[in-house]
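Q: What follows is a single structure, and I will ask about it in a moment.
The values are calculated or read from the model by the stated rules, or taken from the named source; none is laboratory data. Source: prediction; values computed, not measured. We place every Cβ from the backbone using ideal geometry, glycine too, and count neighbours over all the protein chains shown.
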Amino acid sequence: MDNTVLIVDDNTTLAYFSARNLRSDIENLEVFTASSCAEAREAANRHHPSVVIVDLGLEDGNGLDLMREMKKDSPGLATVLISGEEPPTSSLNGLFGFLVKPYEAEDLVDLVRRALRSERPEPIARPGQEQEIECRGYDFHHAQNRLAGLLAGLRAFGADLRAQADDPSAVREAVDEYIDRLCGVVVEVSEMLPRCPTNKVRKSRTE
């Protein structure tokens, strides 16, 4: 179980880039991904991870239930929950850590490092109550989830460019790999945003 992490998230873009960030920042780390409870069970049986990072809402089950099930089979397993919404505090008992999407890549890396060393994590600041906006004609949770994937992708992109700065061909390969995928996320989120009326009148440049 040494230095093996399993990420379970149906947001495959977020899982992909989070895995890249972890591999980039933690030496000799193996990271596997799964997009469902079924895939996670199969991956856990095959790879025996020491840390699992699980999204709360999965298409075929609840992330908390999945983690409890996995800890029964492997009591020493460190579990990290990620979610676009903060669950009740009582449901977080027994978890190693919790992150609210979108989270910084460094926060996830820090949690995994501590988990691998069996160190208790430092308390993570919880966001305040989000201010409601007047027009909410879109799936807020899904948009937040996709933005989390975009943030992780940008972090991974920057890390790859810094690591390969002296190799122009490698930089071009990184650009080709990332750009289309990241732009696709931006387009998807922009198409989800509400078209809200505004009472503000734009002033002309001559005024």
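Q: Count, please, the residues in the stretch 78-94 that happen to be buried (at least 18 other Cβ atoms within 10 Å of the Cβ) and not hydroxyl-bearing (S, T, Y).
A: 5
Q: Let me ask you something else. Does E69 qualify as being assigned by TED's automatic domain parsing to the domain that holds L99, assigned to a loop (DSSP other than H, G, I, E, B), out of contact with any Phe, Trp or Tyr (no Cβ under 7 Å at 6 or more places or on another chain) and farther than 25 Å from V185 by Cβ?
A: The answer is no for E69.
Every residue, every condition in (1) assigned by TED's automatic domain parsing to the domain that holds D107; (2) under 19 Å from F96 (Cβ atoms); (3) not hydrophobic (A, V, I, L, M, F, W, C), yes or no:
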position: N11; (1), (2), (3): yes, no, yes
position: F32; (1), (2), (3): yes, yes, no
position: A38; (1), (2), (3): yes, no, no
position: V80; (1), (2), (3): yes, yes, no
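Q: Would you say A159 is assigned to a helix (DSSP H, G or I), closer than 29 Å to L81 by Cβ and modelled with pLDDT under 85?
A: Criteria met by A159.
Q: Another question, then. Looking only at the stretch 1-42, how many residues end up being in contact with a Lys or Arg (Cβ under 6 Å, 6 or more places away or on another chain) and not in a helix (DSSP H, G or I)?
A: Total meeting the criteria: 2.
Q: Then there's this: Working only within the stretch 45-60, note down all residues that are surrounded by fewer than 22 Cβ atoms within 10 Å (Cβ to Cβ) and touching a residue at least 24 places away in the same chain (Cβ under 8 Å).
A: H47, H48, S50, L56, G57, L58, E59, D60
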